[in-house]
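Below: one structure, written as structure tokens.
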Amino acid sequence: MKADLRIIFMGPPGGGKGTQAKILQEKYGLEQISTGDMFRAAIKNETPLGVKVKAILASGALVPDDVTCALIAEKLDSMPKDKGFILDGFPRTIPQAKALDDMLSERSLHLDYAINLEVPDDYIIERIAGRYTCSKCSAMYNDSSKPTKVAGVCDECGSTEFVRRPDDNAEVLKSRLENYRDLTAPLLPYYEEKGILKSVDGVGTVGEVTNRIEKVLGY
Ligand code: ADP
Ligand code: ZN
């Protein structure tokens, strides 16, 4: 089994990157590196980084490239070099992609695949407007596609407290989708040219999408 693949997950907000990355992390021992999760943790813990990015995340704008790239460099340095990873939410701009190329080549590493999860806008709005997370164990749910088995009680840990992301509302979503189109979609031809872009249909059950990704990765 290839436990040292280095992969990028791309796709629109709410496209399922985080869900799929968590599954592959558990099944194959790849490290999920989610810039969104890292920023949200910093905000929750009120670290200097969190204080700096709180309003940016709430508005749906992107955190400046230098801040984001520094966070990733630090993360790469804190991991065993031979461990594979899934970058989920990074890179999100062409300058970030170029910075990543440099960071990896400085460490004699390279990317194996850029997986693009394709999900049409109509699905995204439903997925994002409905999603919520257990406050205690971070299990993810969705009002329409994956509600808790017992209303108001987490399937995993029994907690009755849940959170919704402040940027998961129709208005902020609009600017997140715009940013995706303007700043992030140009990464698709960038990785296509490198010959590592693989598109995967992101519509279907979580398990169906996982199967499609596993096929592409040769798992
Ligand atoms: P999404 O579900 O929209 O893909 P994420 O959890 O990946 O959301 O990211 C949430 C927010 O965190 C983004 O809207 C942005 O403000 C910030 N963020 C995450 N990754 C990056 C990045 N690579 N560059 C700049 N900002 C980022
Ligand atoms: Zn829970």
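The values are calculated or read from the model by the stated rules, or taken from the named source; none is laboratory data. Note that the structure is predicted; figures quoted are calculated from it, not measured. Every residue, glycine as well, gets a Cβ built from its backbone with ideal geometry; the counts of neighbours run over all protein chains shown.
Numbers below:
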quantity	calculated
Options 8, 23: the member that is more than 12 Å from ligand 1 (Cβ to nearest atom), of a type in the set (A, V, I, L, M) and under 15 Å from the mean Cα position of the chain (by Cα)	23
Answer residue from segment 31-65, given it is within 10 Å of ligand 1 (Cβ to nearest atom) and of a type in the set (Ser, Thr, Tyr) and is surrounded by the most Cβ atoms within 10 Å (Cβ to Cβ) among those	35
When residues of segment 73-93 are limited to those that are of a type in the set (A, V, I, L, M) and touching a helix residue (DSSP H, G or I) at 6+ places or on another chain (Cβ under 7 Å), the one nearest to ligand 2 (Cβ to nearest atom)	86
Subset of segment 79-127 (residues that are under 17 Å from residue 15 (Cα atoms), out of contact with any strand residue (DSSP E or B) (no Cβ under 9 Å at 6 or more places or on another chain) and part of a helix (DSSP H, G or I))	121, 122, 123, 124, 125
Exclusive hit being within 17 Å of the chain's Cα centre (by Cα), within 12 Å of ligand 2 (Cβ to nearest atom) and among the hydroxyl-bearing types (Ser, Thr, Tyr), set 138, 159	138
Segment 119-141: number of residues that are within 13 Å of ligand 1 (Cβ to nearest atom) and among the polar types (S, T, N, Q)	2
Count - residues of segment 164-211 that are assigned to a strand (DSSP E or B) and either closer than 27 Å to residue 138 by Cα or not small (Gly, Ala, Ser) (or both)	4
Checklist (1) away from ligand 2 (no atom under 16 Å from the Cβ); (2) in contact (Cβ under 8 Å) with a residue 40 or more places away in the chain; (3) within 21 Å of residue 164 (Cα to Cα); (4) not basic (Lys, Arg) applied to residue 19, failing item	(1)
Yes/no for residue 43 being of a type in the set (A, V, I, L, M), part of a strand (DSSP E or B) and either closer than 21 Å to residue 3 by Cα or more than 16 Å from ligand 2 (Cβ to nearest atom) (or both)	no
Residue check for residue 177: buried (at least 16 other Cβ atoms within 10 Å of the Cβ) and either within 27 Å of residue 60 (Cα to Cα) or at pLDDT 95 or above (or both)	yes
